[in-house]
Amino acid sequence: GLYALVALGLVLLTGVGGLTSFGQAAFVGLGAYTTAALMTAPALPGWLAWAGSSPWVTLVIGLALTATVAVILGSLTLKLSGHFLPLGTIAWGISLYFVFGNLELLGGFTGITSVPPISIFGHEIVSGREMFSLIWLFLLAAVLTTQNLLDSREGRAIRALKGGRVMAESMGVNTAGSRMAIFVLAALQASVSGWLYVHMQRFINPTPFSINIGIEYLFMPARRRPTS
C-alpha cells in the first residue's frame, strides 16, 4: 500500500504525463522526516510548539513543505527535455538524500527513534491490522482523486502531454501548468506515503530514500507488454 501510493503518482507523472522522475523517494523522505523531526523534538520554539502536537498537524505541515519544494524543483527541472529531465531528477534526489543524512537535527545517518504512532480521537494505531486499514484508506482516496482528475477538463489536458508539447499547446493547453500540477500531485502522494511509513516503523534513517529506491519506484508502475 505504501509503495502503491508512490507508484500511483508515477503512473500520473510518467505513464500519463510522459515525464520521468527518479527522485520520488526524496519526496517520501520529506514527508517522513518532517513528522519525525517535529514529533520527537525535545523542545520547539514557542511560535512552533503547536507543530508537533499531533501527527495530523505534521501531515499538513509535511504536505505544505513538500508542495513548496516540489514547486521549486519543478520550476528548475521541468523546463528540461529529453534525457536531461531524468538526469535533473537524479541530481536533486541524491542531494536531498544527503541532506537527510548529514543534518544533526534529523539524526544524521543514525536516524530518529521513538516516533509516536498515529492517533485517532485518542486511540493509538499500533496494531498491524489497524495500520493496514489506514494505509489502504489513504490509497483508496488517492486513487479516487487521481481518477476524478483524469476525467476532468484538466485531466484531458494532462493526457495530451504525452503526445507532445507542441501539439498540446496548439490546442490551447497550458503545458507548463499541467506539467507542474502533476509533478506536485505525485510529490504529495509520495509525501503521504512517507508520513504513514514513519509512524508505522516508529523509526527513520535515510536508507529508504536513496536514489536506488527512487529507481525501484519508477519501475513499479511499468507495464509488461504481451509478446507473441
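The values are calculated or read from the model by the stated rules, or taken from the named source; none is laboratory data. Because the structure is predicted, anything quoted here is derived from the model rather than measured. Glycine gets a Cβ as well: all are built from the backbone with ideal geometry, and neighbour counts include every protein chain shown. Protein only, heavy atoms only, side chains kept; ligands, DNA and RNA dropped before computing areas. Shrake-Rupley method; radii C 1.70, N 1.55, O 1.52, S 1.80 Å.
The table for this structure:
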{"quantity": "Within segment 1-82, helices (runs of 4 or more DSSP H) holding 1 or more residues that are surrounded by 19 or more Cβ atoms within 10 Å (Cβ to Cβ) and over 13 Å from the mean Cα position of the chain (by Cα)", "calculated": "24-40, 55-77"}
{"quantity": "Cβ-Cβ under 8 Å pairs, at least 6 apart or on other chains, segment 87-102 side under 12 Å from PHE209 (Cβ atoms), far side open to solvent by less than 60 Å² (accessible area, probe 1.4 Å) and among the aromatic types (Phe, Trp, Tyr)", "calculated": "GLY93/PHE22; LEU96/PHE209; TYR97/PHE209; PHE100/TYR33; PHE100/PHE209"}
{"quantity": "Selected residue (only one of ALA37, ALA41, ALA49 is without any contact (Cβ under 8 Å) to a residue 12 or more places away in the chain, under 15 Å from VAL198 (Cβ atoms) and not β-branched (Val, Ile, Thr))", "calculated": "ALA41"}
{"quantity": "Within segment 178-207, tally of residues that are within 17 Å of LEU85 (Cβ to Cβ) and surrounded by fewer than 18 Cβ atoms within 10 Å (Cβ to Cβ)", "calculated": "1"}
{"quantity": "Filtered residue count, segment 93-117, keeping only those that are touching a Ser or Thr at 6+ places or on another chain (Cβ under 9 Å) and either open to solvent by 20 Å² or more (accessible area, probe 1.4 Å) or in a loop (DSSP other than H, G, I, E, B) (or both)", "calculated": "9"}
{"quantity": "Residues of segment 46-88 that turn out to be modelled with pLDDT of 85 or more, of a type in the set (Ser, Thr, Tyr) and farther than 24 Å from THR35 by Cβ, as a count", "calculated": "2"}
{"quantity": "Qualifying positions in segment 107-150 - of a type in the set (S, T, N, Q) and without any contact (Cβ under 8 Å) to a residue 60 or more places away in the chain", "calculated": "SER127, SER133, THR145, GLN147, ASN148"}
